[in-house]
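This report refers to the structure that appears directly beneath it.
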Amino acid sequence: MPPAPSFLGSWLVSEYIYNPDNTFAGINHQRRMLHQHDGLIRVTQICDPEPALDTHPMAAFRGEWVFDLRVDGLTRHYLGPDVVGAGQMIADGVMMGQGRWPRFGYDFTSFSILVTPAYQFTGGQFLDGERLVANIVGLAVPETEKPEYPHFTNPLWAAKMANTLQNPTAESLLQLQAQLNMNAPN
């Protein structure tokens, strides 16, 4: 079963990076491209952390990252080379994942909520063993002819979500999905 067509294509992503103490560190801008490739989904991410992250571990995220994705029912298998692990769809448009970025050198947990076909709320953590390296919440929108990275209109809400979602559960993500759906942009 292929992923929903709304996941394919090019997305512009703004990832708000928080330190382990929940202080804001900076934003990583990312261009994420998903397309069919040899029966799989090829994911290419081009990351550009802003200068505020130059001394943060996320500075090493700069550049291009590629991995293949295989869909198996409700499970997404991340096959490498840059991401290995799996994601599980827990509801329509809601996914939780975990694995490792071998070249980057960190484990990850992640979540994604597709609020509308043109608006995704994402997040997760990078970990070194059990040590939190970065806590992330982000927005993703389809890339258009006039590319503009999305941004949170309320950065305090983003910081609250980063703290609240450090260890998300299926239930907490479904509750958040309901809240986001009520306030979805048109």
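Some points to look at:
- Where strands (runs of 3 or more DSSP E) sit wholly within the range 69-135, those with at least 3 residues that are buried (at least 17 other Cβ atoms within 10 Å of the Cβ) and under 15 Å from the mean Cα position of the chain (by Cα) occupy 84-91, 94-101, 106-116, 119-128.
- One residue alone among Ile41, Ile90 is in contact (Cβ under 8 Å) with a residue 60 or more places away in the chain and touching a helix residue (DSSP H, G or I) at 6+ places or on another chain (Cβ under 9 Å), and that residue is Ile90.
Table: residues versus (1) of a type in the set (D, E, K, R); (2) surrounded by 14 or more Cβ atoms within 10 Å (Cβ to Cβ); (3) at pLDDT 95 or above; (4) not in a helix (DSSP H, G or I).
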site	(1), (2), (3), (4)
Pro3	no, yes, no, yes
Ser14	no, yes, yes, yes
Arg31	yes, yes, yes, yes
Thr44	no, yes, yes, yes
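- Candidate set: the range 51-68, residues that are free of Cβ contacts under 8 Å to residues at least 24 places away in the same chain and not in a helix (DSSP H, G or I); chosen: the one surrounded by the most Cβ atoms within 10 Å (Cβ to Cβ): Arg62
- Leading residue by the ranking (modelled with the lowest pLDDT) among those in the range 144-181 that are under 19 Å from Tyr16 (Cα atoms) and of a type in the set (Ser, Thr, Tyr): Thr164
- Restricting Leu180, Leu139, Leu176 to residues that are in contact with a Pro (Cβ under 9 Å, 6 or more places away or on another chain), touching a residue at least 60 places away in the same chain (Cβ under 8 Å) and not in a strand (DSSP E or B) narrows the list to Leu176.
- Restricting the range 136-160 to residues that are among the hydrophobic types (A, V, I, L, M, F, W, C) and touching a Gly at 6+ places or on another chain (Cβ under 7 Å), the residue that is surrounded by the fewest Cβ atoms within 10 Å (Cβ to Cβ): Ile136
- Boolean, Gly124 is on the phi > 0 side of the Ramachandran plot and either out of contact with any strand residue (DSSP E or B) (no Cβ under 8 Å at 6 or more places or on another chain) or among the small types (Gly, Ala, Ser) (or both): yes
- Among the residues of the range 140-169, none is identified as in contact with a helix residue (DSSP H, G or I) (Cβ under 6 Å, 6 or more places away or on another chain) and not aromatic (Phe, Trp, Tyr).
- Residue that is nearest to the chain's Cα centre (by Cα), among those in the range 16-29 that are among the hydroxyl-bearing types (Ser, Thr, Tyr) and either in a strand (DSSP E or B) or at pLDDT 95 or above (or both): Tyr16
- Test: residue in the range 174-184 that is touching an Asp or Glu at 6+ places or on another chain (Cβ under 8 Å) and among the hydrophobic types (A, V, I, L, M, F, W, C): no
The values are calculated or read from the model by the stated rules, or taken from the named source; none is laboratory data. What you are looking at is a predicted structure, and each value in this text was computed from that prediction instead of being measured. Reconstructed Cβ throughout: ideal geometry from the backbone, glycine too, with neighbour counts over all protein chains shown.
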